[in-house]
Structure formats: structure tokens, C-alpha cells
Amino acid sequence: MNFIYIGIVIGIFAAFLFTAAVLKIKKMVKVAKLAKGIKAEEEAKKFLEQEGYEIEEYQKEIVYIVNFNGKEKEIKIRPDFIVKKRGIEYIAEVKYGDYSSSIEARETRRQLLEYCFATNKYKILLVDMKAKKINLVEFEMEKYKKIKRERDIAVTLLIALFLTAIIIFGSGIYEKCYNLQ
């Protein structure tokens, strides 16, 4: 009978030790990833500057609004860098790894898509620090926004031309009708 109690106590203790070890290992992995990410961001800062980008902000908090069940909710994002080159501003997201640096990585793609959605004023860069490569990311919807802007400009110009023609030709008709020549 005592062996059963001793077995139960040893089993509970072993389960406790196993759980504690798993949690410790997870924490160590998380800390290692965080340290690796910070180091990659430090390297990325230098790399971006070498490539002609001016670092404007680091870890800038950007807020956008989502309507959730009829109520506005603020969503905060914090891209790695806001950089500028030749007058164009970019969000630069730094990744270090074979998969996470790829647009094929679901989490990375979703993160960049959120940046694109949340900020219309920035272009998006995916900085692959393992390959030392800066990738410009443009989602198709950006092309549609550009096409819409170009269409809006064209329509505005056509309206301006039409109004100009009316004014020019209209004044000629007015003069003829009232013999003002």
C-alpha cells in the first residue's frame, strides 16, 4: 500500500518537474529568438543606411481603427523601421531566417499586409538579414489604388478640358448671339 502512495507522489513530482522543464525551455527559446531579432534589427539599421536609406523612426507605434460589432477599436502596430530614400517613405520589416524572411511565410505576409492596410502613406520593405537583401513588397490592391488614383486624375483632367472648351466655345456663341463682335 505504501508503494502506491510513494508511486503517486513520485509521479506527481515527475510531472511537476517535466512541466517546469518544458516551460523553462520555452522561455529560453523565446528569449533567444528575441535576442536574435534585436541583433538582426541592429544589423539591419546599419545595412539600410549602407544601402542609402535614412532611418526616420524605430519601432514607431501606428494606430488604425477597426469597426468591430459597431464599435471602433484602436489597433496598434509597431513596424521595425520607418525609412526614407529619394523622398519615398517605407516601412521596413526585418526578418532573419530562411522561412520567415520569405513572402511565402504566412505570418510574415499577414504582418506586411496589415502594414499595407493600416498605412496608405508607406511602401513596404521586407529586409532579409540572412541573405542581406531588401525586398520591395507591393500587394495587388496597391496597384488597384494606383490605377484608381490615375483614373481619378484622368477624369479630373477631362472635366477640366470639357469646362475649358465650354468656356471658350460658349463665349463665342454668346458673342454671336448678341452680336458683340
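Where a number appears in this text, it was derived from the coordinates with a stated rule and is not lab data. Given the structure is predicted, the values throughout are model-derived calculations rather than measurements. Counting neighbours? That spans all protein chains shown, and the Cβs are built from the backbone with ideal geometry, glycine included.
The table below gives the values:
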{"quantity": "Pairwise label distance in nanometres, R110 with I4, each label 7 Å out on the Cα-Cβ vector", "calculated": "4.9 nm"}
{"quantity": "Estimated FRET transfer efficiency when R0 is 45 angstrom, pair Y58-L161 (beta carbons, to 0.05)", "calculated": "0.45"}
{"quantity": "Crossing angle, helix 106-118 versus the chain [Cα axis fit, 0-90 degrees, rounded to tens]", "calculated": "40 degrees"}
{"quantity": "Relative contact order (%) - the stretch 1-90, alpha-carbon pairs under 8 angstrom, separation at least six", "calculated": "20 percent"}
{"quantity": "Burial order of peptide ranges 101-109, 89-97 (average beta-carbon count within 10 Å, highest first)", "calculated": "89-97, 101-109"}
{"quantity": "Whole-number percent relative contact order across the chain, with pairs defined as alpha carbons under 8 Å at least 6 apart", "calculated": "13 percent"}
{"quantity": "Candidate aspartates and glutamates - alpha carbon under 16 Å from K73, same-chain residues fewer than 8 apart omitted", "calculated": "E61, E114"}
{"quantity": "Nearest-ten-degree value, helix 2-50 long axis tilted from longest Cα axis of the chain", "calculated": "30 degrees"}
{"quantity": "Prolate/oblate/rounded label for the chain (Cα gyration tensor, a/c 1.5)", "calculated": "prolate"}
{"quantity": "Distance between modelled label sites at E42 and E72, nm, 7 Å Cα→Cβ extension", "calculated": "4.1 nm"}
{"quantity": "Estimated distance in nm for a label pair at K121 and D152, the labels positioned 7 Å out from Cα along Cα-to-Cβ", "calculated": "1.6 nm"}
